[in-house]
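K.L.:
The following block contains the structure, expressed as structure tokens.
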Amino acid sequence: MANPSSLPNEKHRGGKSTFSYWGLAAVFLAVYVGSMFTPGLLDDADSTHAEAAREMVVSGDYVTLHINGVRYLEKAPLPYWLVAFSYKIFGVNEFSTRLPMALSILMLGLLAFWWGRRAFGERTGIYAALFIYTCAGIFLFTRILIPEVLLSLLVAGSLYFFLTALEPGAAAWRWYAGYALIALGVLTKGLIALVFPCGTAFFFLLLTGDWRRWRELRLISGLALFLAIAAPWHILAGMRNPGTAEHHGFLWFYFVNEHFLRFLGKRYPRDYNKLPATLYWSLHLVWLFPWSLYLPAALTIAWEEWRGTRGSLGTSGRGAAPKNDFAARTRLLCWILAGVVLVFFALSTNQEYYTFPAYLPLLVLLADGIVQCERTECASGKRAGWLTTSAGLLAVVGMVSSALLVAGLWESRKLPFEPDIGGLLSKQDMSAYTLSMSHMLDLSYASFAALRLPAALAAVVLLVAPLLSFGLRVYRRHYSATWVMGAGLALFLVAAHIALGRFGPYLSSKQLAQEIEARARPEDQVMIYGDQSFGSSLLFYLRRPVDLVEGRTTSMWFGSTFADAPKIYLSDADLQKDWAGRGRVFLFVPPHLKARVDGLLQKTYVIAELSGKYVYSNQP
């Protein structure tokens, strides 16, 4: 690749920019489009949310979400509307389920490019998009159907329009675009989408002195537009799901239980956790890997910017020229947004992916810091600086990680390949899995035998790419160094997707659903023992009601309190009665509950078994 970093202020033009754009497209296609078709939808949140969208299409009810026929009132509707729309066009399958999320990732990268280019120049924009498409956390937390990436796009987009609307002579439509995106964010994730952009804007206006321009913010008309977009669904949902003397309605459950009580750690039922503070903060080095190791560069630029321009970030009045440039104001806004998100969830209950909206501003800041350091090191002629140091550290991390993978492969070299990796994993209590990454606890030494290809590919990439990038940094070929690292991470994420496919039978019940579908008649009963999330992909692939034995828990609890809830909640006694009846019953049994079920049922026939999950029947 050409080396445009030989001159500190050289801009990308013509073929160089075109080559970079094609590179970004190739990275996105390899990492995200290639992973839209496999594996099958995973149990728990992935297939649960897909089922909500599927039932939306089947029922025609686009106000009240349903899962397994039960009202599902804890989520905002926009992500489900998008998936339902995709189903109508492309049919109900894995590709159409993941299409809206893939498009959200694409647009997040484009927003990072546009914002970075406008604020800091062409190279920074390219870097920012590359970082979005190769960031470990963004890939990891888009393997399941959750709204965080769409929320991040809408929050960042609203603040981009807010910042550009503050510029002299800016068109009024930018304000209204920002208000509209905030409203769509509320329809994506609830009130948190109001807190993040408004909190960020508040601190930004306070620090810059732009609060004096409050009349320009179009608060009244903007609020009217916000309510016109966000309010109708909330009003309709409240009217269609009212409370009674026996149970709360939608408004209490959605706003009080799912927002305020969740923040305070008092939500009912309790199916969440909170990371320890040290782990919460340090894991962001993993989520933003490998670019997080260049954090010193971003902090150096932030410190120099603060020392050189403090007190001059505001504007001198309506229509006046800014005292500082768009770049400085972008840096400030990005730091504030990241800080608001990270501090908020440090105080609240949290999952690992909740801080997703902080990724874009942090990656834009990292891109800016790297480019500024590239220019500084090229201008000074030194071969040692923050970039070289960070690249050296990354090379060490890569070599250590590669060595560990090679050691695992070597020790497992004599073990036979097992297509069902679930049998090679250590078994944990699934009921204790309240954090997103809890399944990492299941990894065992023997599992390397089933992961030889992706582990070998990852080992090569982690060894070669960081070392080559470090060498290029030493010789001040910085642009090539960044692209080598980005391309290497793209290959690493492809290997990660191959590994995820090997875990498919363990994380998804798609194959078990196919076994049931081949045998079950319409009048037969299908049941899940325990929480629905243990085998929720059965719902999506069977497309029929599934009874829950001792499963009136977590997300299925509140909907069960309504009088029209379907009679799908069974006790152990109900199971024993139906099992002894004349009708045929199929029972899905998760690994950690098998001993309990075996003690309840005297005679069972194993229809299928996969990764420790069983499908029993009461008839041969």
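K.L.:
Where in region 275-293 does the amide nitrogen come within less than 17 Å of the point 7 Å from the Cα of residue 397, taken along Cα to Cβ?
P.N.:
279-293
K.L.:
Then there is this: Could you tell me the relative contact order of the chain? Use alpha-carbon pairs under 8 Å, at least six residues apart, and round to a whole percent. Can you show the working numbers first?
P.N.:
Numbers: 951 pairs, mean separation 109.1, N = 620.
It comes to 18 percent, rounded to a whole number.
K.L.:
Please arrange 494, 33, 589, 186 by counting, for each residue, the other beta carbons lying within 10 Å of its beta carbon, fewest first. Could the numbers behind the result be given before it?
P.N.:
Details: 494 19, 33 16, 589 27, 186 24.
Fewest-to-most Cβ neighbours within 10 Å comes out as 33, 494, 186, 589.
K.L.:
Please report the net charge: other residues with Cβ closer than 9 Å to the Cβ of residue 560, K and R +1, D and E -1.
P.N.:
Numbers: positive: 71, 552; negative: none.
Combined, the nearby Lys, Arg, Asp and Glu give +2.
K.L.:
Further question: With a point put 7 Å past each Cα toward its Cβ, work out how far residue 283 is from residue 577 in nm, to one decimal.
P.N.:
4.3
K.L.:
Determine, for 467, 512, the number of other Cβ atoms within 10 Å of each Cβ, and report the residues in order from fewest to most. Display every interim value, and only then the final one.
P.N.:
Details: 467 20, 512 25.
With the sparsest Cβ surroundings first, the list reads 467, 512.
K.L.:
What ranking do 528, 67 get, fewest neighbouring Cβ atoms within 10 angstrom at the top? Each step should come with its number before you reach the end.
P.N.:
Details: 528 28, 67 24.
The most exposed by this proxy come first: 67, 528.
K.L.:
Here is a further query. Residue 206 to residue 619: FRET efficiency via 1/(1 + (r/R0)^6), r the Cβ-Cβ distance, R0 56 Å, to the nearest 0.05? Walk me through the numbers on the way to the answer.
P.N.:
On the way: r = 70 Å, r/R0 = 1.25.
Working from the Cβ atoms, E equals 0.20.
K.L.:
If I fit a long axis through the Cα atoms of helix 148-165 and take the longest principal axis of the Cα atoms of the chain, what angle between them do I get, 0 to 90°, rounded to 10?
P.N.:
That helix lies at roughly 30 degrees to the long axis.
K.L.:
A follow-up question, please. Can you tell me the 0 to 90 degree angle between the C-alpha axis of helix 452-474 and the longest principal axis of the chain, rounded to 10?
P.N.:
10
K.L.:
Count the net charge of all other residues whose Cβ sits under 13 Å from the Cβ of residue 138, scoring Lys and Arg as +1 and Asp and Glu as -1. Provide the component values of the computation, followed by the final result.
P.N.:
Values: positive: 143; negative: 148, 352.
Summing Lys and Arg as +1 and Asp and Glu as -1 gives -1.
K.L.:
Give the angle, between 0 and 90 degrees and rounded to the nearest 10, that separates the Cα long axis of helix 510-519 from the longest principal axis of the Cα atoms of the chain.
P.N.:
Orientation of helix 510-519: about 30 degrees from the principal axis.
K.L.:
Of the cross-linked pairs 414/594; 266/577; 75/274; 75/603; 88/577; 88/613, which ones have a Cα-Cα span greater than 29 Å in the structure shown?
P.N.:
Details: 414/594 31 Å; 266/577 37 Å; 75/274 20 Å; 75/603 41 Å; 88/577 40 Å; 88/613 32 Å.
Where the Cα-Cα span goes over 29 Å, the pairs concerned are 414/594; 266/577; 75/603; 88/577; 88/613.
Only the coordinates and a few stated rules stand behind these numbers; no lab work does. Because the structure is a prediction, the values reported are computed rather than measured. Reconstructed Cβ throughout: ideal geometry from the backbone, glycine too, with neighbour counts over all protein chains shown.
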